[in-house]
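Colleague: One structure, as structure tokens, below. Some questions next.
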Amino acid sequence: SKYVPKNIVDQSLVAHHNVETLFDGELRIISILFATIHNISQLYDKSNPQQVHDYINSYFSLMAKCIEEHKGIVDKFVGGSILAIFGAPISSIENQKNSVFCALSMMEQLETFNAENREKIGFEIKLGVGIHSGETVIGNIGSKQYITYTAIGDTVNTASRIVDLTKGIRNTVLITDSIYPLVQECVVTESIGETKVRGKENSINLYKVLKKRI
């Protein structure tokens, strides 16, 4: 359960009686959140590897707690990125709202984290978050020797492309029109308009999330 969220481990042990059914996937509408440190290479250039290791682990722990508090799960850490899932394995009709509120909370937590560590390590994280919602295949994937619970499909790919667009904008949350109609009454947004996303034939309507509505 240190490698796979405990609720997924428990669910798998109860629901699956053999290794074949353990790998059954399911289609589900979920929200995918990608959070990427855009200046991660500058951090790795620091001279003290142990200090960098401790620093990045502290950051990941803080973000993971935030994700869990908003009913999401951490799918994986990749380099300076976090992939989080909202709406699985436990279904939630508010997974879009949870993902956006989580992103805003992550930005708030980051401000404090940067302030506390600025002088200690001489570095500030510049974070970008991209969120997309849609039908996704989700379940246990892997081999008999190694299993990981993850989501695969266009929804995941689109979210990863969207976070790339935040690179030039410090600490920004971008959502698509798959999310916007379900959160527009809860958050203040700024329309980015139709935007060409790498790997997608058609443009996507994007919105920058500014803050929660009072």
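Colleague: Looking at segment 65-87, can you tell me whether even one residue there is over 17 Å from T36 (Cα atoms), over 12 Å from the mean Cα position of the chain (by Cα) and free of Cβ contacts under 8 Å to residues at least 12 places away in the same chain?
Modeller: no
Colleague: Quick test of your reading of the structure: S178 fulfils all but one of (1) in contact with a Gly (Cβ under 8 Å, 6 or more places away or on another chain); (2) free of Cβ contacts under 8 Å to residues at least 24 places away in the same chain; (3) of a type in the set (S, T, N, Q). Name the failing condition by number.
Modeller: (2)
Colleague: For segment 202-214, which positions are among the aliphatic types (A, V, I, L, M), touching a residue at least 12 places away in the same chain (Cβ under 8 Å) and either assigned to a loop (DSSP other than H, G, I, E, B) or touching a Gly at 6+ places or on another chain (Cβ under 8 Å) (or both)?
Modeller: We begin by selecting, within segment 202-214, every residue among the aliphatic types (A, V, I, L, M); these are 204, 206, 209-210, 214.
From what's left, touching a residue at least 12 places away in the same chain (Cβ under 8 Å): 204, 206, 209-210.
Of everything in segment 202-214, just one residue is among the aliphatic types (A, V, I, L, M), touching a residue at least 12 places away in the same chain (Cβ under 8 Å) and either assigned to a loop (DSSP other than H, G, I, E, B) or touching a Gly at 6+ places or on another chain (Cβ under 8 Å) (or both), namely L206.
Colleague: Which one of these is within 18 Å of F86 (Cα to Cα) and not hydrophobic (A, V, I, L, M, F, W, C): S160, S203?
Modeller: None of the other options fit; the residue is S160.
Colleague: In this structure, does K126 turn out to be among the basic types (K, R), exposed (fewer than 15 other Cβ atoms within 10 Å of the Cβ) and within 19 Å of L62 (Cβ to Cβ)?
Modeller: Criteria not met by K126.
Colleague: Something else about it: Look through T150, T155 and report the one residue that is at pLDDT below 90, under 24 Å from S105 (Cβ atoms), of a type in the set (S, T, Y) and touching a strand residue (DSSP E or B) at 6+ places or on another chain (Cβ under 7 Å).
Modeller: Going through T150, T155 in turn, the sole match is T150.
Colleague: So, one more: Go through segment 196-212 and give me each residue that's exposed (fewer than 15 other Cβ atoms within 10 Å of the Cβ) and more than 19 Å from N171 (Cα to Cα).
Modeller: K196, R198, G199, K200, E201, N202, S203, N205, listed by residue number.
Colleague: May I pose another question? In a loop (DSSP other than H, G, I, E, B), out of contact with any Asp or Glu (no Cβ under 6 Å at 6 or more places or on another chain) and buried (at least 17 other Cβ atoms within 10 Å of the Cβ): does that describe A35?
Modeller: It is false that A35 is in a loop (DSSP other than H, G, I, E, B), out of contact with any Asp or Glu (no Cβ under 6 Å at 6 or more places or on another chain) and buried (at least 17 other Cβ atoms within 10 Å of the Cβ).
Colleague: Which one is modelled with the highest pLDDT, of the residues in segment 54-85 that are surrounded by fewer than 16 Cβ atoms within 10 Å (Cβ to Cβ), in contact with a helix residue (DSSP H, G or I) (Cβ under 7 Å, 6 or more places away or on another chain) and not in a strand (DSSP E or B)?
Modeller: If we take residues in segment 54-85 being surrounded by fewer than 16 Cβ atoms within 10 Å (Cβ to Cβ), in contact with a helix residue (DSSP H, G or I) (Cβ under 7 Å, 6 or more places away or on another chain) and not in a strand (DSSP E or B), then L62 is modelled with the highest pLDDT.
Colleague: Something else: N95 versus (1) in contact with a Cys (Cβ under 9 Å, 6 or more places away or on another chain); (2) open to solvent by less than 10 Å² (accessible area, probe 1.4 Å): which is the lone unmet condition?
Modeller: (1)
Colleague: Being touching a Leu at 6+ places or on another chain (Cβ under 8 Å), surrounded by 13 or more Cβ atoms within 10 Å (Cβ to Cβ) and hydrophobic (A, V, I, L, M, F, W, C): is that true of V183 here?
Modeller: Considered against the rule, which asks whether it is touching a Leu at 6+ places or on another chain (Cβ under 8 Å), surrounded by 13 or more Cβ atoms within 10 Å (Cβ to Cβ) and hydrophobic (A, V, I, L, M, F, W, C), V183 comes out as no.
Colleague: Among T189, T155, which is the only one that is open to solvent by 20 Å² or more (accessible area, probe 1.4 Å), touching a residue at least 12 places away in the same chain (Cβ under 8 Å) and over 15 Å from L127 (Cα atoms)? Talk me through it step by step, then tell me what you get.
Modeller: Details: T155 fails: open to solvent by 20 Å² or more (accessible area, probe 1.4 Å).
Result: T189 is the single residue among T189, T155 that is open to solvent by 20 Å² or more (accessible area, probe 1.4 Å), touching a residue at least 12 places away in the same chain (Cβ under 8 Å) and over 15 Å from L127 (Cα atoms).
Colleague: Check S12 against each of (1) open to solvent by less than 40 Å² (accessible area, probe 1.4 Å); (2) at pLDDT below 85; (3) within 18 Å of G72 (Cβ to Cβ) and name the one condition it does not meet.
Modeller: Exception for S12: condition (3).
Colleague: Within segment 168-177, can you find the residues that are at pLDDT 90 or above and surrounded by fewer than 19 Cβ atoms within 10 Å (Cβ to Cβ)?
Modeller: Listed by number, the list holds a single entry, D177.
The values are calculated or read from the model by the stated rules, or taken from the named source; none is laboratory data. Note that the structure is a prediction, hence the values are computed from the model and not measured. Don't worry about glycine lacking a Cβ; one is built from the backbone with ideal geometry, like all the others, and counts go over all protein chains shown. The protein model used for the area step is the full one, side chains on, heavy atoms only, and it has no ligands, DNA or RNA in it. Shrake-Rupley method; radii C 1.70, N 1.55, O 1.52, S 1.80 Å.
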